[in-house]
Amino acid sequence: MIRISGLHKYFGDQVLFSGVDLDIQKGEVVVLIGPSGSGKSTFLRCINGLEYFQKGEIHVDGIELHSINRTRPGKKDLEAIRNVRLKVGMVFQQFNLFPHMTALGNIIEGPVTVLGIDKASAVDNAVALLKRINLEGKVDCRPEELSGGEQQRVAIARALAMKPGTMLFDEPTSSLDPEMVGEVLSVIKDLVNDGMTTIIATHEMAFAREVAHRVIVFDKGEIIETGPPEEIFTNPKAERTRTFLRRILKD
Amino acid sequence: MKHTLRIFSLLLGLAIVLCWAIPRQPEEGGIAKIKERGFLLWGSDAEGGAPYVFPSPDDPSKLIGFEVDLAGAIARELGVKARQSQNAWDSLVPALQRGDFDFAMNGIEITPQRKQEILFSAPYYIYTEQLTVRKDEGVIQSIEDLKGKKVGTLSGAAAQDILEDIGGVDIKIYSGQVEPYEDLALGRLDAVLLDLPIAAYYAKPNPMLKYAGPPAGEGFYGIAIRKGDDELKRAVDEILLRLLKSGELKSIYQKWDLWNEKQEGLLLNLGGPAGGARLEESRNAPLHTFFPMLLKGAGITIFISTASMALAISLGLALTVLRLYGRPPLSSLATAYIELYRGTPLLIQLYILYYGLPNIGISLSPVVAAFLGLGMNYAAYEAEIYRAGIMSVPKGQTEAAFSLGMTQTVALRRVVLPQALRIATPGITNDFIALFKDSSLVSVIAMVELTKTYGILAASTLRFFELGLIVALLYLAMSYPLSVFARRLEDRLKGVKG
Ligand SMILES: Nc1ncnc2c1ncn2[C@@H]1O[C@H](COP(=O)(O)OP(=O)(O)OP(=O)(O)O)[C@@H](O)[C@H]1O
Ligand SMILES: [Mg+2]
């Protein structure tokens, strides 16, 4: 369970969030939508400590992240952030696979170096994951030898290998060619069906509608509307939501 | 790769042909030209050149010394002014042959072997070799006691021959006159054998040193004149004789405390002495006889470069990590180190390490000083190469590592550095090759590596050309495999297969 309360985030003098609240239940699938620059990525990044925030609190499975107003976080803060990261997996728009490692190497890296799992069982688990995403033939390929869609699937497997309780996806299909979007979304769908707590920032409205339990609409650093997908997509209350949907569905 | 090699050999061959094909310029010497020019240009080395030629302590822009006085007197007799041309002592003869100046006068001993290359004036000074030891020395009384001892002398000096003739002496060759006495005082040498004028100026006033035994050997300094310039030789001889008879020469030597009864012999010795047959041999020796010495020098070059590079690579990494990730005092210290070492000449760093540290009680052996000097200097450059490599790893890589729960240190070790090193590899190997060549600088701190070996051999045989080519080839033979290896490594890091 994740609880965000009174979140304030500034970039220098520029205010992005001034008091954002959100609770996410275990097993819930939450989709973040909203115009470019509205704060979806930053919100996700605050949850796993890739961005520090200036006021408010974030609880992830009982671990508390505090606001940090210094240039260097203290030892306690770093410890808390690391503990959260061990419970939360993240998938990036740009995949960010490690180019000097094979697909298998990428997947076992976390379990072996961070969790200290012995290599043989990490490999067994990684091979099983590769099978699950239909890439068992690419075990020894380096990222540069994989298509974008394959890379993103490996990135998902890399995060899953850490056995996280929650997965964060930041526009996982935005840098893919259209024909590869489907294969990545189907892997995510598969996960969601298994009951993984999931937060996804995306511009894929049809997908959002299909998998979301709850849709959160961001605009200019504010949550302007939340609700089940049927409601948001067929009968949005906020004028700004309507404008956003009209524009994005037209494209 | 084969291609490069072929082009290389072609260029080298071309260079050799050109060198032989271009005729030596028949320098139109002569008095007329000097008079027309209005000054006499004479070559010498003012670096550590007291009491011959050296910058005046009162006004360093002015040169003084007994040879400065003598050159002035000769020029005056010719009706012109004298002007000095600064040259490394080792290269005075080749520079003279090239026509860089009218004559060279700088304690150049008259030897039959040099006489094959150049003309000598009548002797203008009779030198002897003076043995110097530390004040507390009890064993070494004379040259006979030098077996098995560490004895310093100058490269190409007649003293070197005397020492070699004794046999079993551990001879240390220096290129400056200050350093051997410095090392003697510090206990790095047991004795120094050098021309009396040098000893008179550098050793006699030093309270830690004393003369041992009477002066040994005897030889003549002559003014070196280009072959074919007989007119100038005749004029100089005449002038010297005049200065000798008028007593002006004597008063110059008295002024510099160099006069002794021996100099009376100058009148009898206008023809120059015999001797130096051994050098004659080396002059005509087949090239392969030099190989053992050259290979030994090359071995030392390889050893010192490899060891220093290992230091540079590891120390550089530590510096970069401190600079980028260290807490404030450490990170600025690392930055300061890098700026300091990159912003000052390596030569000065070596001098400070070897000759400066003893002033505060730390005395390093030449090998250690060379290793530290080169390694610490190059560490600063490696640090900057790593930093550029680290900066060019995309931020997303660190974020992905963090999101897997890696700490800063683990992310650096597992994700950032492997990629940064791959980017840095070409720069690092380039630097290794550069260090290879820079290693010749350590000859200033009494390390006889390849370049120094060349300098010594060439100075004593005057075979600058052949030996130079061989040495250049030796350097190439060492650095070329290195660049081939570097390219292989780069390809492998890139993951290129096959
Ligand atoms: N490191 C940063 N420094 C300064 N401003 C930033 C930084 N990161 C984000 N911002 C600003 O914060 C705002 C929110 O950015 P964010 O990336 O969270 O938006 P987003 O909703 O993910 O947009 P998109 O749909 O384009 O990905 C933007 O105005 C952006 O310019
Ligand atoms: Mg974004």
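The values are calculated or read from the model by the stated rules, or taken from the named source; none is laboratory data. The structure presented is a predicted model; accordingly, all values stated were derived computationally and were not measured. Quick reminder, even Gly has a Cβ in these numbers, built from the backbone with ideal geometry, and neighbours come from all protein chains shown. Keep in mind that these areas ignore ligands, DNA and RNA; they rest on the heavy atoms of the full protein, side chains included. Shrake-Rupley method; radii C 1.70, N 1.55, O 1.52, S 1.80 Å.
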> Do you know which residues across the stretch B:204-224 are aliphatic (A, V, I, L, M) and either open to solvent by 60 Å² or more (accessible area, probe 1.4 Å) or modelled with pLDDT of 85 or more (or both)?
Replying inline: B:M208, B:L209, B:A212, B:I223, B:A224
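Could you tell me whether any residue of the stretch B:82-94 is more than 24 Å from the chain's Cα centre (by Cα) and of a type in the set (A, V, I, L, M)? Show your work before the answer.
First, pick out the residues of the stretch B:82-94 that are more than 24 Å from the chain's Cα centre (by Cα): B:82-83.
Okay, now just the ones that are also of a type in the set (A, V, I, L, M), so B:82.
Yes; the residues of the stretch B:82-94 include at least one that is more than 24 Å from the chain's Cα centre (by Cα) and of a type in the set (A, V, I, L, M).
Would you point out which residue out of A:T198, A:T173, A:T113 is more than 25 Å from B:R414 (Cα to Cα) and at pLDDT 95 or above? Lay out the reasoning, then the answer.
Details: A:T173 fails: at pLDDT 95 or above; A:T113 fails: more than 25 Å from B:R414 (Cα to Cα).
Sole residue among the options that is more than 25 Å from B:R414 (Cα to Cα) and at pLDDT 95 or above: A:T198.
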> Of (1) facing chain A (nearest Cβ under 10 Å); (2) aliphatic (A, V, I, L, M); (3) under 32 Å from the mean Cα position of the chain (by Cα), B:L450 satisfies all except one. Which?
Replying inline: (1)
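Are there any strands (runs of 3 or more DSSP E) wholly within the stretch A:1-96 with 3 or more residues that are charged (D, E, K, R), within 14 Å of chain B (Cβ to nearest Cβ) and away from ligand 1 (no atom under 16 Å from the Cβ), and if so which? First the steps, then the outcome.
Values: elements: A:2-11, A:14-24, A:29-33, A:55-60, A:63-66, A:88-91.
Output list is empty.
Among the residues of the stretch B:401-442 satisfying the criterion of being among the basic types (K, R) and within 14 Å of chain A (Cβ to nearest Cβ), which is surrounded by the fewest Cβ atoms within 10 Å (Cβ to Cβ)? Step through it out loud before you land on a result.
We begin by selecting, within the stretch B:401-442, every residue among the basic types (K, R); these are B:413-414, B:422, B:437.
Subset that is within 14 Å of chain A (Cβ to nearest Cβ): B:413-414, B:422.
Numbers: B:R413: 15, B:R414: 20, B:R422: 19.
Residue satisfying both the conditions and the ranking: B:R413.
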> Which pairs do you get when a residue that is hydroxyl-bearing (S, T, Y), found in the stretch A:1-29, comes within reach of a residue that is more than 16 Å from ligand 2 (Cβ to nearest atom), reach meaning Cβ atoms under 7 angstrom, with the pair 6+ apart or on two chains?
Replying inline: A:S5/A:D21; A:S5/A:G56; A:S5/A:E57; A:Y10/A:Q54; A:S18/A:H8
> Take the residues of the stretch A:97-114 that are more than 9 Å from chain B (Cβ to nearest Cβ) and more than 18 Å from A:P164 (Cβ to Cβ): which is surrounded by the most Cβ atoms within 10 Å (Cβ to Cβ)?
Replying inline: A:A103
>> Cβ-Cβ distance below 9 Å, separation of 6 or more or different chains: which pairs start in the stretch A:168-183 with a residue that is free of Cβ contacts under 8 Å to residues at least 60 places away in the same chain and closer than 19 Å to A:V31 by Cα and end on one that is within 16 Å of ligand 1 (Cβ to nearest atom) and open to solvent by 40 Å² or more (accessible area, probe 1.4 Å)?
In response: A:T173/A:Q93; A:T173/A:H203; A:T173/A:E204; A:V181/A:E204
>> Can you pull out every residue in the stretch A:183-220 that is in contact with a Ser or Thr (Cβ under 8 Å, 6 or more places away or on another chain) and open to solvent by 60 Å² or more (accessible area, probe 1.4 Å)?
In response: A:H203, A:E204, A:K220
> Can you pull out the residues in the stretch B:64-77 that are open to solvent by 20 Å² or more (accessible area, probe 1.4 Å) and among the aliphatic types (A, V, I, L, M)?
Replying inline: B:I64, B:V68
> So A:C141 clears everything in (1) more than 12 Å from chain B (Cβ to nearest Cβ); (2) more than 29 Å from A:G27 (Cβ to Cβ); (3) open to solvent by 20 Å² or more (accessible area, probe 1.4 Å) except one condition, right? Which one?
Replying inline: (1)
